[in-house]
Structures are given as C-alpha cells and as structure tokens.
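Novice: The structure under discussion is supplied below as structure tokens; questions concerning it will follow.
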Amino acid sequence: MKIKTRRYYYYYALLCGANLLWLLPIRFAIALGRISGCLAFLLIAKYRKVTLGNLRRAFPSKTDNELFMIGRRVFENATANYAELVQTSKLNKYNIDRWVTAHDLARVDHGFSRGKGVIILTAHFGNWELVGSYFRIKGYPGATIVRKVYFERFDRILNRYRAVHDVGIIYRDESPKKMLRLLKDNKILGMLADQDIESVEGVFVDFFGRQAYTPTAPVKMALASGAVIIPCYMLRRAEKYDFFVDEPIVVAMRSSKEETIQFYTQKWTKVLESYIMKYPDQWVWMHKRWKTQPSK
C-alpha cells in the first residue's frame, strides 16, 4: 500500500514539474533538466553503480574520472529528454528544422519506394522520443511500438505528450497483425529493441564484447513483411539535434530462418554499438543490459 501511495506522490510531483517546465523557454527547460540529472546521478546510488559498472566493462581503457563524467552526462541526457518531451508542443513544421538537422533522410523516402513499409529502428539513445514526433511533423505516416508503463497514470501522461503530434502508438503486447498491417499499408513502424527484456523473444548477440539478449522482433517483422530496416538515432548537440539515418538493412533469407534472424539481429546491433562508441554519454547505461546470460 505504501508503494502504491508513493506512486501517486511521484505522479503529482511529475505533473507539477511538467507544468513548470512547459512555461519555460526550451533552452531553460533543458538546462533545468540537466541539473536534475546531475543531482540524480549523485543521489541515486543504485543506478549510478549500474551505470559505472557497465561503462567500466565497455570501456576498460578509460580512467575512473572519465567514466564518472560520462555517467553523469548519461543521467543529464535522460532528464533533459523529459524536459524536451514536455516542450514537444512548441515544435512544428515551421521551426523543426531549426532544432533538428537530418542527415540522409532520403534513405527513408527510398525505403518507402519499395512499397512494403519502413521499420524505423532506434534505441534509448539521445532523444528517442523525438524521433516519432519528427517523422509526424514531417508528414510521414505510421506508429511506434511502446511498452505500457505499469502505473497507468504515468502511461497516460507519456501518451498525452506523444499525441501532441499524433504519434501513433501500438503496445508491445498487442497483436503482431496490427503491426504488419501498418507495413502492408506502406507506413512507418517505429521500434526500440536495445534492452534486455525476458518477456519477449530474443537471441544472444555480441554487444561490447559480451553476449546480450536482444529482441528479434525487428528482423522477424522485416521477414514477414518485406519491409526494410533503417537504424535512426536522434543525437543531442547542446539544445539541438543531429538526426542520423543510417544505411538501410534489407533482410534476405539465408540458409535458415534461425540463421537469418541471428545474422541480421547482430548486424543492426553492431550499427547501434558504433554510435554508442562515438557518443557513450547518449545511451542509457543505467539499464541492466547484460542481466540475461546463455545457460551453460
């Protein structure tokens, strides 16, 4: 009961904070978000320990001071994301290009020319929530697969901000037919598949030199629909963003379905790893990415 009551306290605090952030200019809201992230890094020992432990294993050549600074910026990035989500309604087709510089967006248009839809595969990197809003502001049709937040009021507030630009959502546990229908209609299906989630089907692939349990849904959806997979990442640059659209991954059947899923899941994972290697402070290292390990 105490835990349930605490959730309501957190919810109302979050709601009050959101209203305050919305009143501020975007730059001030982001700065406040960063300060909150810095405090969270210093005060929340549990997730600080997980973050620094993951960073130490991924970057053994970096000093403790370097890892500490990266870890702090990881938290700053996460809380700045929330501040920006609140400010989403201030973005529109007239000012979006002042905030976001897209690189190789034509690759998405080329993906649509195949007529089988496009799987936009992003990660908890940079500002992932802005990816869906960006595509909707630019007029691209589609929806994003999301995980339902256990506490319904938190879920509603998240979806309220997503709905500002009509970012369609499909819950992860909904029917795959609904997802495939989007691709059949030559629309975007947005996915995030960079976390260790035991409740979804996955395979083990190499990620920073360790076996990581990784969702297979992106490759399976591509196999079932013929859609191309396009890795995309919204990289934060101070208060603005670089939106990188990587080379499309066309999934072709190999010797077996199992080998195909393994090969292409590893392929897109290596694309993500290459971005994290360049910008390690933009990924959510506080997640226990390697908690599931192959049985011996």
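What follows draws every value from the coordinates through simple rules; no lab data is involved. All figures in this text were calculated on a predicted structure; none of them were measured in a lab. Note that we place each Cβ from the backbone using ideal geometry, even for glycine, and neighbour counts take in every protein chain shown.
Novice: Beyond 22 Å, what share of the Cα-Cα pairs of the stretch 14-119 is found? Please give it as a whole percent.
Specialist: 53 percent
Novice: How much of the pair distance distribution for the stretch 104-224 lies past 23 Å, counting alpha-carbon pairs only, in percent?
Specialist: So the portion of pairs separated by more than 23 Å is 33 percent.
Novice: Another question about this same structure. How high is the relative contact order of the stretch 2-282, given as a whole-number percent (alpha carbon pairs under 8 Å, six or more residues apart)?
Specialist: With pairs under 8 Å counted, the relative contact order is 21 percent.
Novice: The chain: D in µm²/s via Stokes-Einstein (Kirkwood Rh, Cα pairs, 10 °C, 1.306 mPa s)?
Specialist: Numbers: Rh = 20.0 Å.
The Stokes-Einstein estimate is 79 µm²/s.
Novice: Of all DSSP beta bridges located in the chain, what percent are antiparallel, nearest 5? Let's see the in-between values first.
Specialist: Working: 14 of 35 bridges.
The answer is about 40 percent antiparallel.
Novice: Straight distance only, please: which lysines reach the Cα of K116 with their own Cα at less than 24 Å, same-chain residues fewer than 8 apart left out?
Specialist: Filter leaves K138, K177, K178, K184, K187, K220, K257, K267.
Novice: Can you list which of the trypsin sites (Lys or Arg not before Pro) found in the stretch 221-268 are DSSP loop residues with at most 15 other C-beta atoms within 10 Å?
Specialist: In loop regions of the stretch 221-268 (DSSP not H, G, I, E or B), the sparsely surrounded trypsin sites (Lys or Arg not before Pro) are R254.
Novice: When the dipole is taken about the Cα centre of the stretch 2-282, and only Lys, Arg (+1) and Asp, Glu (-1) are charged at their Cβ, what size is it in debye, to the nearest 20?
Specialist: Dipole of the stretch 2-282, to the nearest 20 debye: 700 debye.
Novice: Looking at the stretch 217-266, I'd like the Rg to Rh ratio, where Rg is from alpha-carbon atoms and Rh is Kirkwood's inverse mean 1/r. Don't jump to the answer; show the numbers that get you there.
Specialist: Details: Rg = 14.1 Å, Rh = 12.3 Å.
Value, to two decimals: 1.15.
Novice: Is it possible to state the helix-based mean residue ellipticity at 222 nm for the chain, with each DSSP H run of 4+ residues giving -39500 (n - 2.57), the sum divided by total residues, to the nearest 500 deg cm²/dmol? What is it?
Specialist: It lands at -16000 deg cm²/dmol.
Novice: Work out how much length N92 to D166 would gain on full extension: take 0.36 nm times their residue separation and subtract the Cα-Cα distance, in nm to one decimal. Numbers along the way, then the final one.
Specialist: Working: separation 74, 0.36 × 74 = 26.64 nm, distance 1.20 nm.
Using 0.36 nm per residue and subtracting the Cα-Cα distance, I get 25.4 nm.
Novice: List the chymotrypsin sites (Phe, Trp or Tyr not before Pro) within the stretch 65-140 that fall in a DSSP loop (any state other than H, G, I, E or B) and whose Cβ has at most 12 other Cβ atoms within 10 Å.
Specialist: Y94
Novice: Scan the chain and report its longest stretch carrying no GluC sites (Glu not before Pro) that are both in a DSSP loop and have at most 16 other Cβ atoms within 10 Å.
Specialist: Longest run free of exposed loop sites: 1-173.
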